[in-house]
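The values are calculated or read from the model by the stated rules, or taken from the named source; none is laboratory data. It should be emphasised that the depicted structure is a prediction, and the values quoted were computed from it without experimental measurement. Cβ sites come from the backbone with ideal geometry, for glycine too, and all protein chains shown count toward neighbours.
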Amino acid sequence: MNNRRSRELLRKIPLFQDCSDNELERIDEILIHRSFAERSTIFMQGEPLEYIYFIVSGKVKIYRTDEQGREQIVNLLEPGDFFPHIGFFRKAEYPAHSVMIEKGVLLALPTGRLRDLLKKYPDICINLMAVMESKIIDLQERLEEVVLHDTFSRLVLLLIRLCRLHGVPDGERIRINVPLTNQELANMIGTRRETVNRAINQLKKAGAVETTTDHYLLISRDRLEKQLDI
């Protein structure tokens, strides 16, 4: 990949967006470009945390499993995102599994080299702090949802969040640009698929949600938000 193309890719990643061309070239020299097929595993929960990954193309699912093998989806990530969000300053294990939702290209950065970059380039350090702040706010909001809302409201709030993070216009509605089954929605809010089935049917009757045969969700944002007031 030529230098100009590499710089363009790196500048789309928020962590590196304020770096100069020369800085981006030096950063690119230590990054490992890796291509992944759809549904391929990037790393598994409990493995030694050796690399931080930056998404150039494709989408990634982050999830944890308990001793019974039940899945809890932690996050859905898109180009520009990086993961995991720990292990920058100490030895650690990957806190969750990661798998490609669709084929894509990731940039792998050894954790030790990230520490070097943070020392050398203050802009990267500032951008990292901004990203981590947004993650903390997101975690606080999710905790509040669990504590203060019932399962139906948590599903509605999840769909609103997915619209904000992964939504694209589709006529008068918003299409969540990641295919999600009812089981996966249940895994994201820690409930049973049957509970989500009933809630989705209720939202369909209200005209707030439609589903396509390939598991994409079409959302009427106004009608969805009104469900929180019922």
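Some notes on this structure:
- Being surrounded by fewer than 14 Cβ atoms within 10 Å (Cβ to Cβ) and of a type in the set (F, W, Y) holds for only one residue in F89, F16, and it is F89.
- Among residues of the range 53-71 that are within 14 Å of T41 (Cα to Cα) and free of Cβ contacts under 8 Å to residues at least 60 places away in the same chain, those with a beta-carbon under 6 Å from a residue that is among the hydroxyl-bearing types (S, T, Y) and part of a strand (DSSP E or B) at least six positions away or on a different chain give the pairs V60/S98; I62/S98.
- Every listed requirement among (1) part of a strand (DSSP E or B); (2) in contact (Cβ under 8 Å) with a residue 40 or more places away in the chain; (3) out of contact with any Phe, Trp or Tyr (no Cβ under 9 Å at 6 or more places or on another chain) is met by V146 save one, (1).
- Cβ pairs under 6 Å, 6+ apart, first in the range 18-45 and of a type in the set (V, I, T), second surrounded by 12 or more Cβ atoms within 10 Å (Cβ to Cβ) and not in a strand (DSSP E or B): I30/R113
- Being touching a helix residue (DSSP H, G or I) at 6+ places or on another chain (Cβ under 6 Å) and among the aliphatic types (A, V, I, L, M) is a description that does not apply to I32.
- Taken together, the residues in the range 45-55 that are touching a helix residue (DSSP H, G or I) at 6+ places or on another chain (Cβ under 8 Å) and buried (at least 19 other Cβ atoms within 10 Å of the Cβ) amount to 3.
- Here the condition is being within 19 Å of E78 (Cβ to Cβ), free of Cβ contacts under 8 Å to residues at least 40 places away in the same chain and not aliphatic (A, V, I, L, M); of R161, R223, R198, it holds for R161 alone.
- Whichever residue in the range 119-135 is surrounded by fewer than 18 Cβ atoms within 10 Å (Cβ to Cβ) and over 20 Å from the mean Cα position of the chain (by Cα) and, among such residues, is nearest to S20 (Cα to Cα): D123
- Against the criterion of being in contact with a Ser or Thr (Cβ under 7 Å, 6 or more places away or on another chain), surrounded by 12 or more Cβ atoms within 10 Å (Cβ to Cβ) and farther than 27 Å from K120 by Cβ, I42 does not qualify.
- Any hit, the range 38-46, residues being small (G, A, S) and closer than 20 Å to E184 by Cβ: yes
- Residue tally, condition at pLDDT 90 or above, small (G, A, S) and out of contact with any His (no Cβ under 9 Å at 6 or more places or on another chain), over the range 100-129: 1
- Of the criteria (1) out of contact with any helix residue (DSSP H, G or I) (no Cβ under 8 Å at 6 or more places or on another chain); (2) closer than 27 Å to L180 by Cβ; (3) of a type outside the set (G, A, S), which one R90 fails: (2)
- Meets criteria (surrounded by fewer than 14 Cβ atoms within 10 Å (Cβ to Cβ), within 15 Å of L107 (Cα to Cα) and not hydrophobic (A, V, I, L, M, F, W, C)) for E78: no
- The single condition from (1) at pLDDT 95 or above; (2) more than 30 Å from R161 (Cβ to Cβ) that D21 fails is (1).
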